[in-house]
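First up is the structure itself, then whatever we jot down about it.
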Amino acid sequence: MVNTLSLTSPTRWTDVVTYPDFWTSLAETLLPAYVNTCRWFAGKARQQTGFSVKMVHTLPLRDEGVAYLLILGVTYTEGAAESYLLPISFIADKTKSPFQRADIPEKGRIGDVTLGNQMGLLIDAIYDERFREALFSAIYNNETLTQSDGQLVFHRGLGLEEGDDMPASHVLPVDSSNSAMIFGDTYFLKLYRKLFQETNPEVDMVAFLTDESHFTNIPAFGGSISWQRAGSADVTIGMMQRMVPNDKDSWMQTGDYLNDFLYGVPNRLFAIREDVFDKVELLGRRTGELHCALYKPNADAAFAPETFTDEYRQFLIKRFEDLLERRYSLLIDNYTKLDAQAQRLAWVFMEAKEMIDTFIADFRTRPLESLRIRIHGDYHLGQVLATDNDFVIIDFEGEPESSISERKIKHSPLKDVAGMIRSYHYAVSAKLFNSSETEGIEPDHLQRVSDRWFFLIRDTFLDAYLDAFGTPHPLFKDNSEINFLLLIYLLEKAVYELGYEISYRPSWVKIPLKGIIDVVREIEKIRLSAGNVVPDVPMLQTGLLQPK
């Protein structure tokens with residue numbers, strides 16, 4: 001949508017940094033309408049009460065130009081205020097510059113301005129080639145630019161090679177929660193739009209894996225941009241990585257494998273190609289190698305391994321109990337909307353409440369000697385790129401709904417493993433239950449076929465993962481603790497998934513519910529084998545799963 005508002009100021013573009021009235025006027029006129037059209041702005045659905053320019057960073061450009069990196073503040077009638085990054089540049093009309101208004105896409109045009117008698121267009125600076133050049137050069141040269149409050153620090157990582165000092169650049173034409181620029185088809189610079197008063201966990205993780213552990217199955221860390229002030233936590237503004245040629249992500253690759261499997265199902269043919277197991281084994285091994293790279297006993301406090309403290313257990317239990325309470329309520333409120341198979345699974349899940357509560361209580365007090373480390377945090381098939389003969393792991397920002405501080409909490413690496421196992425379960429379930437080829441096949445039969453594929457793939461992945469560590473390994477005390485902790489994280493993940501499916505995809509509710517029931521079955525096996533059955537806790541009511 002074209003912004004029909006305009007702004008006039010007697011001050012020239014190169015001087016407005018020192019004129020507060022200009023930034024106040026900008027925040028009151030052009031910015032609200034423009035920002036609300038941007039994909040990266042997360043506050044569209046909230047009632048906004050005002051925009052403000054909290055900080056203006058200056059970035060010199062070639063040809064005596066200048067761009068400003070604004071830190072915008074947005075307030076709402078309810079909830080916490082937010083901060084966003086908006087870099088801006090000015091294109092003067094009727095100049096001889098080869099860079100003209102027509103070169104700017106509509107989504108990059110903030111509005112018309114007149115500055116010091118010079119008319120022109122205010123734009124998102126990512127669409128200004130000079131701005132992109134300045135960012136790349138500053139990272140390449142490890143520059144520090146002093147600002148009115150603190151400094152902009154550009155840090156170069158090992159992934160940015162000597163000699164690559166000024167490649168051609170363009171903006172990646174994909175709308176997302178951040179902005180991306182490509183340099184010479186070799187480097188990828190991400191600007192974080194929503195800002196937090198601490199370093200972004202993705203930058204911490206990628207820098208550590210590249211510069212400290214030399215882990216090669218991620219896009220290598222090329223550098224970062226941060227705003228640093230005395231007495232305040234650093235604010236991450238951007239990160240550069242090497243680009244990775246790839247065919248597709250692993251979710252799409254797994255879907256291709258499942259297509260071959262799917263075609264045999266109507267004919268009661270169960271067939272999995274051998275190279276499917278090879279790929280799953282490789283991904284399991286790469287995941288294990290990732291966690292080995294993150295295990296550094298002599299690392300600083302941000303990455304040093306930690307034990308299962310009472311504080312951590314309480315954090316996880318509270319999160320777990322809150323999730324469970326909300327999911328039980330959602331299921332009760334939406335029970336009649338579920339299909340018959342999902343209703344049976346839901347009933348068994350709710351009947352297993354006491355067993356789940358007992359399992360969580362066991363986690364609170366059970367002696368655990370395994371260790372916790374920084375992990376990926378949002379690990380699934382969509383976070384892994386498939387190259388010609390390998391995998392590259394991407395997107396280390398962590399779980400989207402968690403706070404930045406929570407994303408930096410250390411967990412057992414089995415939390416990542418649980419995420420990938422759940423992703424495989426989703427892949428086969430979604431394919432079999434939502435394909436035209438399987439229409440008319442009895443749902444319980446489809447469930448049995450899905451289970452057979454999933455259990456084979458799960459065990460293949462898990463065996464390869466654990467083989468990457470060797471035994472013994474300090475991260476895992478023994479197989480008993482591995483099994484117990486994996487069940488904790490699998491249950492947490494499936495319960496988390498359940499809320500989304502009830503709210504947005506009721507026809508998929510059976511997928512996380514089946515995952516929950518599978519975990520509860522394993523919990524029951526542990527109770528029986530250990531001989532510690534609590535008399536007042538009923539056994540799993542599997543008879544309810546049978547169709548009437």
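The values are calculated or read from the model by the stated rules, or taken from the named source; none is laboratory data. These numbers come from a predicted model, not from an experiment. Cβ atoms come from the backbone with ideal geometry, glycine included; neighbour counts cover every protein chain shown. Protein only, heavy atoms only, side chains kept; ligands, DNA and RNA dropped before computing areas. Shrake-Rupley method; radii C 1.70, N 1.55, O 1.52, S 1.80 Å.
Surface calculation, 1.4 Å probe, protein heavy atoms: residue 18 sits at approximately 100 Å² accessible.
Residue 72 sits among other residues whose Cβ lies under 9 Å from its own Cβ, and their net charge, with Lys and Arg +1 and Asp and Glu -1, is 0. Residue pairs exceeding 26 angstrom between C-alpha atoms, taken from 194/514; 107/190; 107/431; 44/493: 194/514; 107/431; 44/493.
The spacing between the range 196-213 and the range 139-182, judged by their C-alpha centroids, is 15 Å. Proximity of backbone amide H atoms, modeled 1.01 Å from N, is registered between residue 143 and 154 at under 5 Å, excluding neighbours fewer than 5 places apart on the same chain. Think of the chain as a dipole: +1 on every Lys or Arg Cβ, -1 on every Asp or Glu Cβ, centred on the Cα centre; then among 455, 341, 220, 341 lies furthest on the positive end.
Heavy-atom accessible area for residue 528, with the other protein chains in place and a 1.4 Å probe, reaches approximately 100 Å². Distances between every pair of Cα atoms in the range 130-281, grouped in 5 Å steps from 0 to the bin holding the largest one, split as 2, 8, 15, 17, 16, 12, 8, 7, 6, 5, 3, 2, 1, 0, 0 percent. Within the range 104-156, the ratio Rg/Rh, alpha carbon atoms throughout and Rh by Kirkwood, equals 1.10.
Annotation: amide H-H contacts under 5 Å for residue 237 (H modelled 1.01 Å from N, sequence separation of 5 or more, or interchain): 225, 226, 227.
Can you tell me the accessible area per residue over the chain, all protein chains present, probe 1.4 angstrom, in square angstrom? The partial results should precede the final answer.
Numbers: 24630 Å² over 548 residues.
Per residue, the chain has 45 Å² of solvent-accessible surface.
Built from the Cα atoms of the chain, the convex hull projects on average onto 28.8 nm², one quarter of its surface area. For the peptides 5-15, 367-377, the ranking by packing is 367-377, 5-15, with the highest mean count of neighbouring Cβ atoms within 10 Å listed first.
Over the chain, what is the percentage of antiparallel beta bridges among all DSSP beta bridges, to the nearest 5? Don't skip to the answer; put the middle values down first.
Numbers: 68 of 72 bridges.
Close to 95 percent.
Grab the other residues whose beta carbon is less than 14 angstrom from that of residue 272, score K and R as +1, D and E as -1, and report the net. Intermediate results must be reported in sequence, preceding the final value.
Working: positive: 273, 279, 431, 452, 458; negative: 256, 260, 274, 275, 278, 281, 451, 459.
With Lys, Arg at +1 and Asp, Glu at -1, the net is -3.
Among rounded, prolate and oblate, which fits the range 193-339 when a ≥ b ≥ c are the square roots of the eigenvalues of its C-alpha gyration tensor, a/c under 1.5 means rounded, and a/b larger than b/c means prolate? It comes out oblate by the Cα gyration axes. Across all directions, the shadow cast by the convex hull of the range 36-75 built on its C-alpha atoms averages 3.7 square nanometres.
Compute the signed sum of charges (Lys and Arg +1, Asp and Glu -1) over the other residues within less than 10 Å, Cβ to Cβ, of residue 235. Residues near residue 235 contribute -1 overall. Per residue, the convex hull around the alpha carbon atoms of the range 14-139 comes to 115 Å³. With the biggest extent put first, the Cα atoms of the range 156-202 measure 34, 26, 12 Å across the principal axes.
In whole percent, how big is the carbon plus sulfur part of the accessible area of the range 407-533, probe 1.4 Å, protein atoms only? Using a 1.4 Å probe with all protein chains present, the range 407-533 comes out at 52 percent carbon and sulfur. Post the alpha-carbon centroid distance, the range 1-41 to the range 272-306, in whole angstrom. With the range 1-41 and the range 272-306 each reduced to a Cα centre, they are spaced 47 Å. The string of couplings for the range 40-45 from the Karplus curve (6.51, -1.76, 1.60, θ = phi - 60°) is 7, 7, 8, x, 4, 7 Hz, one whole number per residue in order, with x for Gly and Pro. For the range 344-359, the Karplus equation 6.51 cos²θ - 1.76 cosθ + 1.60, evaluated at θ = phi - 60°, returns couplings of 5, 5, 4, 5, 5, 4, 5, 5, 8, 3, 5, 5, 5, 4, 5, 5 Hz by residue, with Gly and Pro reported as x. Which FRET efficiency value, to the nearest 0.05, is calculated for residue 399 and residue 528 with the Förster distance at 41 angstrom and r the Cβ-Cβ distance? Calculated value: 0.75.
Taking amide H atoms as placed 1.01 Å from N in the peptide plane, the amide H of residue 194 lies under 5 Å from those of 85, each 5 or more residues away in sequence or on another chain. Phi angles across the range 362-368 convert, under the Karplus curve 6.51 cos²θ - 1.76 cosθ + 1.60 with θ = phi - 60°, into 3J(HN,Hα) values of 5, 4, 5, 10, 4, x, 10 Hz, Gly and Pro given as x.
In terms of overall dimensions, the range 246-322 has a Cα radius of gyration and Dmax of 20.0, 57 angstrom.
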